[in-house]
Amino acid sequence: MATASRYSGQSVSRVDSLGKAGGATRYVRDLVAADAWVGAAIRSPVAAGRVRGLRVDPAFDRSRIVLVEPHEIPGENTIAFIQRDMPCLATSEVRYLGEPVALVAAPDRETLAAALAAITADVEPQTPFVGIDAVAEAMRRDPASLHDLYALTISKGDVTRGLAEADAIVEGEYLTAPQEHAYLEPQAMAATPRPDGSLRIFGSLQCPYYVQPSVALALGLEPQRVIVEQCATGGAFGGKEDFPSIIATYAALLARKSGRTVIIDFDRQVDMAMTTKRHASYTRLSVGVTRDGVITAIDADFTIDGGAYVTLSPVVLSRGSIHLAGPYRTPHVQVRGRAVRTNAMPAGAFRGFGAPQAIFAIESHLDRVAHAIGMDPLLLRRRNLLRIGDTTATGQTLTDSVAIEACFDAVVERSDFDARRARVQAQRRDDAARSASGLGFALFWHGGGFTGSGEKKLASRCAMSLDRDGSVTILAANTEFGQGAQTTLPQIAADALRVPLDRVRYPLPNTAHVPNSGPTVASRTTMVVGKLVELCAYALVRDIEQRLGATRHDDGFALGDQVITWYDAAARACLDGPIRVEQQYQLPPGLHWDDDQHRGDAYPAYSWGAIAAEVEVDRATSDVACTHVWCTVDIGTVINPREARGQVEGALAQALGWALLEQVSYTPEGRVREDRFQTYIIPTTSDMPRMDVTFVEAPWHGGPFGAKGLGELPMNGLAPALHNAIRDAVEAAVARLPMSPERIDAARHAARRSR
Amino acid sequence: MLSPMVERSWHVNGTLATVAFAADARLLDVLRDTLAMTGAKEGCGEGECGACSVVVDGELRVSCLQLAAALPDGTTITTAEGVVHSTTGERLRRMMLDRGGVQCGFCTPGMMVAAWWYLETKPPIDARTALAGNLCRCTGYQSICEAVEAAANAEERMG
Ligand code: FES
Ligand code: FES
């Protein structure tokens, strides 16, 4: 059905910004009643060991608190993610420092603090294995010694042959550190027991339908008896994808036992020390290339540190491995992916989901490859670009919506790349200058929606209801946590319905009212759920037409020879109450995916991007200032340009932090060192470059009005662009994030020695 | 263990408020728990993020590090709830919406307070510098800085 877009493509105002800017919007801490209890976990003091039990100070008055021990869990002692290997509360083995062994709730924070001091975990310590350096060392010396949480191989062609056909083979290693989400609102979930034994769970979260089964499993309840409501959520970025399920389950157990509302709200230090991080990675690459710049083979070991339990690591590994070969049509590819177990807090979802780590490696490495054959790195990239008709590393033939070259051209033009490069080179020759300038470039891509058969298995459902007054409500489980979904989905609905935007409501989800439209992850909200919203709108119009025997047209409905307005039609159609329609998502036909071989159509559509970054590296201190970034992305049709720009700029800030500033490290005992904003440094206004963000639109037939995925894509390219810019500036490569002044310094010295 | 209570009368967002609170309470807690003004947020509790920013007698402060009892009777306090009711705050809010300076919103009240203070007191620094004490993880700051600059320019034009 063709529809004139009135709202899609327009920067309409966010529905939530008035309240947020005035301080009126209430987050869970602002909502919870004053008489609610506060809860916390009693945690293991060591990263590996055997649980002996609890130590309780006999002087402590236990009558004022509620304690939940593992044997009191009414359901299964498991946090359900992909596998059921993670206990809700550890009973025998402890696998990371801070792993919960019991729970406590108290009427106020002083009593809670006293309880946590008086009741401690008694664990017999063992030697922990922590950190990406230990993983990298094991990969170099004794890869079989590592324990896989998950492993996979992606193969295309014959990589041995591809390397044999090369004129040069360039090898390299790339490491990345864990990254903390640093959403400004720390994790918080609350639970209220209800008289009928059901539970109301509310808080700061991304995926209500992840929380619901998790709570239900541990409490031994039917899932429908666990009502999950999202509150306004102060940032998430993947950090509130899986983790809220854990503390919601804890709050629920404590609420059930105490008979009161219990909130578990972390302070910043606990949040940083005890919540998931972006997977640290170690990537080893061998890239074969001909003299004239044709990449013949990419051979890679991609290893990520999954931490103590499986959680989401298999899907992070799979997305990372699939994206590793980059947007190039390399004929021979092998990626051996491993998510290995260590004694760190389980790593989790973080914007990009494995792809940024993989793309950092390949895009940094391609500059080295270009250098090795004496070719311009941009030309090398252009020679090997994926185009329509080419196949990706998983064997997917691209048929539609591939605008990587247009992004490439746009960035070259907007940054005036060639002239700027000449200027930067000239500047560098001035030895008296305090800093050395550098210019770097990278290409990137991101598959929208769940990988492979994921969307098929999810079978997401979305509903829409119409009231007598002509107002429409989108009933979806997808959450607003800053990205603008509460604005963009109504834009799609209003266009598909042909009604004014202010007639469409999209409240924060509550599982009692909305079907499971799937999690708010994987850049799927606009692309997948937006499509469902569009389909619901058409179904609703059809429903009205059938009820009234009318036909929709622009000014209303044609009914016999008269025309009635949308509002008249709604009033007549809703005589017996509101109308509700529901739709289930269907992937476009013709997509095939083999889960075991990791082959086939990995994603229904890809978004594409190109980026250039300019830096100044202080010659004395090796401090890096990124001064300019030019970024062009193809996300298909842009539904809301202002909000889309906001997504890109925000992701660029996170990528800049990951690349230059942000470092999570572990002590040998397995404790997170950087657990405060004083030590874990995220970008401030003074770290950010001038950002030039533009869009090219290659609409995808399967998306709503042609839209593709957006949220994660712009996380993928800046780190390697900065790597290449720093390399350009100081003629030394820092193949490790964060690229701190110390590491740049060390790389410069090493390069000087070898010259 | 409980600390003694103290009482203070302050001008909060233009209204005289008499509040009683524990002698060791932080201003942030008094605003949020006693006065039920939840605009100021706790992002870190250590003076690092600026989400709890308020203006106290014309000075920009982080309320998580401000001992409430140290503020004498008659102190003037402006929070995000008050900022939007001023002409400057109203203009600032319009520009924030226009430029896309609001995403998850958790930093926003603190940003609004810091930006309002900047626009009202006109220190000899640019907007970027003025906001360097306020962390935002969502926007990348460009839209926020543009909004504040636009509000400053609009003000200039109006004289
Ligand atoms: S909460 Fe006060 S500065 Fe972060
Ligand atoms: S808008 Fe989310 S932290 Fe600033």
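The values are calculated or read from the model by the stated rules, or taken from the named source; none is laboratory data. Worth saying up front: this structure is predicted, and the values here are computed from it rather than measured. Positions of Cβ are backbone-derived with ideal geometry, glycine not excepted, and every protein chain shown enters the neighbour counts. Just so you know, the surface numbers come from the protein's heavy atoms only, side chains and all, with ligands and any DNA or RNA stripped out. Shrake-Rupley method; radii C 1.70, N 1.55, O 1.52, S 1.80 Å.
Among A:Asp594, A:Asp30, what's the order by accessible area (1.4 angstrom probe), most exposed first?
Order by accessible area, largest first: A:Asp594, A:Asp30.
In nm, to one decimal, how far is the B:Thr34 label point from the A:Asp596 one, both placed 7 Å along Cα→Cβ?
6.9 nm
Per residue of B:110-121, count partner chain C-beta atoms within 10 Å of its C-beta, then hand back the mean as an integer.
Partner-chain Cβ atoms within 10 Å, mean over residues of B:110-121: 1.
Can you return the lysines within cross-link range of A:Lys257? Criterion is Cα-Cα under 26 Å, with same-chain partners fewer than 8 residues away left out.
A:Lys240
If you wrap a convex hull around the C-alpha atoms of chain A and split its volume per residue, what is the figure in Å³?
It is 162 Å³ per residue.
For A:Arg690 and A:Ser453, what is the calculated FRET efficiency with R₀ set at 35 Å and r taken between the beta-carbons, to the nearest 0.05?
So, using R0 = 35 Å, E works out to roughly 0.25.
Rounded, prolate or oblate: pick one for segment A:622-737, where a ≥ b ≥ c are the square roots of the eigenvalues of its C-alpha gyration tensor, a/c under 1.5 means rounded, and failing that, prolate if a/b is larger than b/c, else oblate.
prolate
How long are the semi-axes of the ellipsoid equivalent to segment A:1-77, from square roots of 5 times the Cα gyration tensor eigenvalues, in whole Å, largest first?
Values for segment A:1-77, descending: 49, 21, 13 Å.
Considering only protein heavy atoms, with the full assembly of protein chains and a 1.4 angstrom probe, order A:Phe202, A:Phe129 by accessible area, largest first.
A:Phe129, A:Phe202
Determine, for each peptide in B:68-77, A:694-703, the mean count of other beta carbons within 10 angstrom over its residues, then list the peptides with the highest first.
Final packing ranking: A:694-703, B:68-77.
Roughly how many Å is it from the Cα centre of segment A:682-714 to that of segment A:506-571, as a whole number?
If we compute the Cα centre of each part, the gap is 28 Å.
Pulled fully out, how much extra length does the chain show between A:Arg468 and A:Asp35, if you take 0.36 nm times their separation in residues and subtract their Cα-Cα distance?
That pair, A:Arg468 and A:Asp35, stretches by 151.9 nm at full extension.
Which FRET efficiency value, to the nearest 0.05, do you get for B:Ala154 and A:Glu93 by plugging their Cβ-Cβ distance into 1/(1 + (r/R0)^6) with R0 = 45 Å?
0.15
For segment B:5-79, take N as its residue count and report Rg(C-alpha) divided by 2.2 N^0.38 Å.
0.97
Determine the percent antiparallel among the DSSP beta bridges restricted to chain B, to the nearest 5.
Bridges in chain B are about 90 percent antiparallel.
Roughly how many Å² of A:Ser13 are accessible to a 1.4 Å probe, to the nearest 10?
The accessible area of A:Ser13 comes to roughly 60 Å².
Please give the average number of partner chain Cβ atoms lying within 10 Å of the Cβ of each residue in A:637-648, rounded to a whole number.
Whole-number average of other-chain Cβ neighbours for A:637-648 is 3.
Once every DSSP H run of n ≥ 4 in chain A is given -39500 (n - 2.57) and the sum is divided by its residues, what mean residue ellipticity at 222 nm do you get, rounded to the nearest 500 deg cm²/dmol?
Dividing the helical sum by the residues of chain A leaves -8500 deg cm²/dmol.
What accessible surface, in Å², does a 1.4 Å probe find on A:Arg64, ignoring ligands, DNA and RNA and rounding to the nearest 10?
110 Å²
What distance in nm lies between label points placed 7 Å from Cα along the C-beta direction at A:Phe60 and B:Ala23?
2.9 nm
With charges only on Cβ, +1 for K and R and -1 for D and E, what is the dipole size of the protein assembly as shown about its Cα centre, in debye, rounded to 20?
Dipole of the protein assembly as shown, to the nearest 20 debye: 700 debye.
Put a dot 7 Å past each Cα toward the Cβ at A:Asp502 and A:Gln10; how far apart are the dots in nm?
1.2 nm
For segment A:1-132, what is the convex hull volume of its Cα atoms per residue in Å³?
Dividing the Cα hull volume of segment A:1-132 by its residue count gives 262 Å³.
Mind scanning A:Lys456/A:Lys708; A:Lys20/A:Lys531; A:Lys20/B:Lys41 and naming the pairs with a C-alpha gap bigger than 20 Å?
Over 20 Å apart, Cα to Cα: A:Lys20/A:Lys531.
Please work out the ratio of the alpha-carbon Rg of segment B:83-158 to 2.2 N^0.38 Å and round it to two decimals.
Cα Rg divided by the expected 2.2 N^0.38 Å: 0.96.
Below 8 Å between Cα atoms, with a sequence gap of 6+, how large is the relative contact order for chain B in percent?
Relative contact order for chain B comes out at 23 percent.
If I stretch the segment between A:Thr621 and A:Asp400 completely, what's the gain in nm (0.36 nm per residue apart, minus their alpha carbon distance), one decimal?
Once the chain is fully extended between A:Thr621 and A:Asp400, it gains 74.8 nm.
Within 10 Å of each Cβ in peptide B:32-38, how many partner chain Cβ atoms are there on average? Round it to a whole number, please.
Counting Cβ atoms of other protein chains within 10 Å of each residue's Cβ and averaging gives 2.
For B:Asp24, what accessible area in Å² do you get when you roll a 1.4 Å probe over the heavy atoms of the protein chains, rounding to the nearest 10?
That residue has around 100 Å² of solvent-accessible surface.
Output needed: percent of Cα pairs per 10 Å distance bin for segment B:1-150, bins running from 0 to the one holding the longest distance.
12, 43, 32, 11, 2, 0
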